[in-house]
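Each remark here refers to the structure printed beneath this line.
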Amino acid sequence: MTNNSLSLSDQQRLELYYWMVLTRTFDERMLAHWKQGKGVGGTYSQRGHEAISVAAGYALGPDDIVAPMHRDLGCYLQRGLAPRRIFAQLLGKETGVSRGRDANLHGMGDLEHGIIGFISHLPLSLPVSVGVAMSFKLRKEPRVALTFVGDGSSSTGVWHESLNLAGLYQAPLVTIIENNQYAYSTPVTHQIPIEHFADRAAGYGMPGVIVDGNDVECVYAVVKEAVERARNGGGPTLIEAKTMRMLGHAIHDGAEYVPAELLAEWEKRDPITLFEATLLESGVTDKDELDEIRNRAAVEIEDAIEFAEASPLPKAESVFDGVYAA
Ligand SMILES: Cc1ncc(C[n+]2csc(CCOP(=O)(O)OP(=O)(O)O)c2C)c(N)n1
Ligand SMILES: [Mg+2]
């Protein structure tokens, strides 16, 4: 595992903490909402993925483009999508990101924030991101495309074809495999004949880096280094961030197939708890300030829920708005 030296200021570390807590709070309130029968679309918990999605977004420059997936709520938030718009999206409201066309993270993108809408058919955000990266290269723009895939989606043919092209053309691309040990009910040990997904990178002529996906500062350092290499003409990087999916595939899935001991082991390595300990031990902050940040996040998410609930559904006559081919 890579353990790069830290290059973040105390202020930046507190910002990372805020985004992680905001993501966790959103996630917990979203699950509670669905358990009360008030949810609409599919609901994928991000629990355990906060360090990866927040730190990766944080490592990008303002003009870079990111294509998050269904475990990357932290990246959407960190890149500037307001919690109000995301909660409204999940309730299928007119004020949601896709204006009520989908009550899901699927399709949730906003190019004003440099976010490509999530393509549900996994891992189709990857070939699109390779294309975006190649457009930057051909136009000689110092910009980078970053995308995420799950461990399971990285075993499809299109994943391999895309990485091959990215390596061949030296695309300014950073792609992160969020290895959360499961693809729905299939454990990684039943999926690939090698131990590390990152070892596949050699076959595509790019560096493959393994990082502890529950250590936000390590994720930041590794992604930042890859982003700057890509920006400076050094080509693509494959990063494997090891973590654990702490709940089922989606809210309907109780994940009884995941051994309780495995979850208990990973629970001890919760990314937010770990980071809190680091922040306190290194004297960056104190308990009062962490409480204040958590309260701020809670207020923001309650506001988002109130806003989303009070928002209207889209009007039936608007159904063809935005449809440009028939
Ligand atoms: C081509 C395709 N097949 C099946 C699905 C249904 N599906 C959505 S997520 C998922 C599991 C993906 O596992 P992984 O890539 O490990 O991501 P994780 O959910 O664990 O983050 C499946 C089978 C899909 N979206 N696209
Ligand atoms: Mg997975």
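A few points about this structure:
- Integer Hz, Karplus 6.51/-1.76/1.60 couplings in order for segment 222-228, x for Gly and Pro: 5, 5, 4, 4, 5, 5, 6
- Solution diffusion estimate, µm²/s, Stokes-Einstein, segment 220-326, Kirkwood Rh from C-alpha pairs, 37 °C, viscosity 0.692 mPa s: 168
- GNM top mover of 176, 194, 65 - the chain, alpha-carbon springs below 10 Å: 194
- For segment 37-76, the solvent-accessible area of protein heavy atoms averages 20 Å² per residue (probe radius 1.4 Å; ligands and nucleic acids excluded).
- Span from the segment 80-127 Cα centroid across to the segment 219-241 one, whole angstrom: 25
- Residues with amide H under 5 Å from that of residue 148, placed H, sequence gap 5 or more: 67, 69, 176
- Within segment 171-276, the percentage of alpha carbon pairs spaced more than 20 angstrom apart rounds to 47%.
- Anisotropy class of segment 53-188 from Cα gyration tensor, a/c 1.5 cut: oblate
- Comparing mean-square fluctuations of 97, 209, 299 from a GNM of the chain with C-alpha springs under 10 Å, the top value falls on 299.
- GluC sites (Glu not before Pro) restricted to segment 197-262 and DSSP loop, no more than 10 other C-beta within 10 Å: 256
- Pairs of C-alpha atoms in the chain farther apart than 36 Å represent 16 percent of all such pairs.
- If you take all other residues with their beta carbon under 11 Å from the beta carbon of residue 246, and give Lys and Arg +1 and Asp and Glu -1, the sum is +1.
- Summing Lys and Arg as +1 and Asp and Glu as -1 over all other residues whose Cβ lies under 13 Å from the Cβ of residue 51 gives a net charge of -2.
- Listed residues 102, 10, 253, 27 arranged by accessible area, highest first, probe 1.4 Å: 10, 102, 253, 27
- Cβ-based net charge around residue 41, under 13 Å, with every Lys or Arg adding one and every Asp or Glu removing one: +2
- Candidates 62, 193, 207: whichever shows maximal mean-square fluctuation once the chain is modelled as a Gaussian network with Cα springs under 10 Å: 193
- In segment 222-285, the trypsin sites (Lys or Arg not before Pro) that fall in loop regions by DSSP, at most 13 other Cβ within 10 Å: 268
- Distance between modelled label sites at residue 192 and residue 282, nm, 7 Å Cα→Cβ extension: 2.9
- Ranking 54, 319 by solvent-accessible area of protein heavy atoms (1.4 Å probe, all protein chains present), from largest to smallest, gives 319, 54.
- Rounded to the nearest 500, the helix-only mean residue ellipticity at 222 nm of the chain stands at -13000 deg cm²/dmol, with each DSSP H run of n ≥ 4 adding -39,500 (n - 2.57).
- Per-pair calculated FRET efficiency, R0 = 30 Å: residue 15 and residue 303 via Cβ, rounded to 0.05: 0.95
- Per residue, the convex hull spanned by the alpha carbons of segment 137-185 comes to 71 Å³.
- Anisotropy class assigned to segment 1-92 is prolate, per the alpha carbon gyration tensor with a/c at or over the 1.5 cut-off and a/b larger than b/c.
- Solvent-accessible ranking of 93, 140, largest area first, probe 1.4 Å: 140, 93
The values are calculated or read from the model by the stated rules, or taken from the named source; none is laboratory data. Everything quoted here is computed from the prediction, not taken from an experiment. Neighbour counts are summed over all protein chains in view; Cβ atoms, including those assigned to glycine, are modelled from backbone coordinates with ideal geometry. For the accessible areas, the whole protein counts, side chains as well, though only heavy atoms, and no ligand, DNA or RNA atoms are used. Shrake-Rupley method; radii C 1.70, N 1.55, O 1.52, S 1.80 Å.
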